[in-house]
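Notes follow the structure.
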Amino acid sequence: MSASPKRVRMVEVGPRDGLQNEAQTVPAATKIALIEKLADAGLKTVEAGSFVSPKWIPQMADTAEVLAGLRRAPGVSYPVLVPNMKGFEGALASHCDEIAVFAAASESFSQRNTNCSIAESYERIAPVAAAARAHNIRVRGYISTVVDCPYEGPIAPAAVAEMAAKLLSFGCYEISLGDTIGTGTPSRIQAMIDAVAAKVPVEKLAGHYHDTYGQALANILASLERGVATFDSSVAGLGGCPYAPGATGNVASEDVLYMLDGMGVATGVDLKKLAATGQFISAALGREPASKVARALAAKAAKGK
Ligand code: HMG
Ligand code: MG
């Protein structure tokens, strides 16, 4: 078993995974302010949007406008999701330094999310990854439904491992393992990681856990025990996936950071600034943050007044 990491990289996915699932349209200026505040809180990777079909995900249709208006901080990466060459052209035109390709370990989810089979998704991803590398653009790989699929049920860890190895062979520098519907529990997450880590070095793995069943923090802890040192999260717990009915947001970044701070794990992220950012976007959406830590901090601050 690997030693639990003393340093963790937090990948903020709220502006993409969070806002892609909002019923209301969030203005580009609000998205830009959100992304800039997240970088100012110390996050070094902030997913900024996606170049996908606006018919499928209208909430991300303004990604080029967001990237054009963004003050990019030195040392911060702003990846965008790219499903095909058309999306890659968009990312290139917007001077992106990093893209994320995505596939699903379940055939049904692949069809629902990207209108193609797993084999066809490889045919789309390979040229995108090759073009990105030719332009010195880093490529991150996502795998959805690493534990359960909303349409097919349990997914074999071996299928996830095979896909992770394939994405690595395309040149992805990291594979983010998505518990898309948040049904995973620590033992199942560890079994999945053990299978994947047999094919891909654990340093190249990231956990991307939705919190639908309240298991995400426990799953992060279980992943830390296996040596995983990168975790995706959404400020204020924003998010979900439009093709995963009932799935709620990613684990809240504030909750992850509070836990890591408490464990003495370094992240470089400032909890106060992060919580203020969560309050900012929640106010823009007209609701309270889903983060328990954010709510507790707000209640404490209100009492102190
Ligand atoms: P399709 O309809 O099969 O594609 O969609 P197509 O090639 O037949 O094109 C149809 C139309 O879309 C055409 O326009 C294309 O130009 C346009 P028309 O001629 O009809 O006017 N089009 C595009 N427009 C803009 N950008 C593009 C693009 N591509 C085609 N890149 C496609 C296939 C993959 C495009 C579609 O299924 C799609 O966009 N899917 C994306 C779905 C998505 O974004 N899902 C959420 C992100 S994944 C996620 O959340 C999971 C994750 O968080 C991990 C986890 O939690 O598990 C990452
Ligand atoms: Mg997700």
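The values are calculated or read from the model by the stated rules, or taken from the named source; none is laboratory data. Please read these numbers as outputs of a predicted model, since none were measured by experiment. FYI the Cβ positions are ideal-geometry reconstructions off the backbone, even for glycines, and counts take in every protein chain you see. We work out accessible area using only protein heavy atoms, side chains counted, and drop any ligands, DNA or RNA first. Shrake-Rupley method; radii C 1.70, N 1.55, O 1.52, S 1.80 Å.
Among A68, A134, A266, the residue with the largest mean-square fluctuation in a Gaussian network model of the chain, with springs joining Cα atoms closer than 10 Å, is A134. Taking the alpha carbon gyration tensor of segment 29-83, multiplying each eigenvalue by 5 and rooting it gives semi-axes of 21, 11, 8 Å, largest first. With a cut-off of 13 Å between beta carbons, the residues surrounding Q20 carry a summed charge of -2, where Lys and Arg count +1 and Asp and Glu -1.
In the Gaussian network model of the chain, springs joining C-alpha atoms below 10 Å, which of P74, P127, P186 carries the largest mean-square fluctuation? Taking springs between Cα atoms under 10 Å, the residue moving most is P74. With the biggest extent put first, the Cα atoms of segment 67-177 measure 42, 25, 24 Å across the principal axes. Where only DSSP H runs of four or more residues are counted, the chain gives -13000 deg cm²/dmol as its mean residue ellipticity at 222 nm, each run worth -39500 (n - 2.57). Taking the Kirkwood radius as Rh and the Cα radius of gyration as Rg, segment 152-305 has a ratio of Rg/Rh equal to 1.01.
Our summary gives the chain a relative contact order of 21 percent, counting only alpha carbon pairs under 8 angstrom and 6 or more residues apart.
Rounded if a/c is under 1.5, else prolate if a/b is larger than b/c, else oblate: which is segment 205-287, with a ≥ b ≥ c the root eigenvalues of its Cα gyration tensor? Oblate shape, in that a/c is at least 1.5 and b/c is the bigger or equal ratio. What figure, in Å² to the nearest 10, do you get for the accessible area of K166 with a 1.4 Å probe and non-protein molecules left out? Surface accessible to solvent at K166 totals approximately 80 Å². Lys and Arg at +1, Asp and Glu at -1: add these up for the other residues within a Cβ distance under 12 Å of M60 and post the number. Neighbour charge sum, excluding M60 itself: -2.
Straight-line reach from K292: taking Cα to Cα under 22 Å and skipping same-chain neighbours fewer than 8 places apart, the lysines in range are K37, K272, K273, K300, K303, K305. In terms of its C-alpha gyration tensor, segment 1-68 has a prolate overall shape, because the principal axis ratio a/c (a ≥ b ≥ c, square roots of the eigenvalues) is not below 1.5 and a/b outweighs b/c.
When E120, E288, E203 are compared by accessible area at a 1.4 angstrom probe, the order from most to least is E203, E288, E120. Can you say what percent of the DSSP beta bridges in the chain, counting only those with both residues inside, are antiparallel? Round to 5. Within the chain, antiparallel bridges account for around 10 percent of the total. Our note on the geometry: Cα centres of segment 38-99 and segment 179-238, 24 Å apart. Taking a span of 20 Å or more along the helix axis (Cα atoms) and a mean Kyte-Doolittle hydropathy of at least -1.0 as the rule, the DSSP H helices of the chain that qualify are 118-134, 271-285. Under 1.5 on a/c is rounded, so check that first for segment 88-140, then, if it is not, pick prolate when a/b is larger than b/c and oblate when it is not; a ≥ b ≥ c are the square roots of the alpha carbon gyration tensor eigenvalues. It is prolate, given that a/c is not under 1.5 and a/b is the larger ratio. Annotation: lysines with alpha-carbon distance below 24 angstrom to K204 (same-chain offsets under eight excluded): K6, K44, K166. Excluding L285 itself, calculate the net charge of residues whose Cβ lies under 14 Å from the Cβ of L285, where each Lys or Arg counts +1 and each Asp or Glu counts -1. Overall, the nearby charge balance is 0. An ellipsoid equivalent to segment 112-201, defined through the eigenvalues of its Cα gyration tensor, has semi-axes of 24, 16, 10 Å when rounded to whole angstrom and sorted largest first.
Here's the list of aspartates and glutamates a cross-link from K199 could span, going by alpha-carbon distance under 14 Å and ignoring same-chain residues fewer than 8 apart: E162, E174. Across every direction, the projection of the convex hull enclosing the Cα atoms of the chain has a mean area of 14.3 nm². Heavy-atom accessible area, probed at 1.4 angstrom with all protein chains present, ranks K37, K305, K272, K31 as K305, K272, K37, K31, highest first.
Within the assembled protein chains, the solvent-accessible surface assigned to M85 is about 70 Å², based on a 1.4 Å probe. For E22, what accessible surface area do you get with a 1.4 Å probe? Give it in Å², rounded to 10. Its heavy atoms expose roughly 20 Å² to the probe. Determine Rg/Rh for segment 1-132; Rg is computed over alpha-carbon atoms and Rh is the Kirkwood hydrodynamic estimate from the same atoms. Here the Rg-to-Rh quotient is 0.99.
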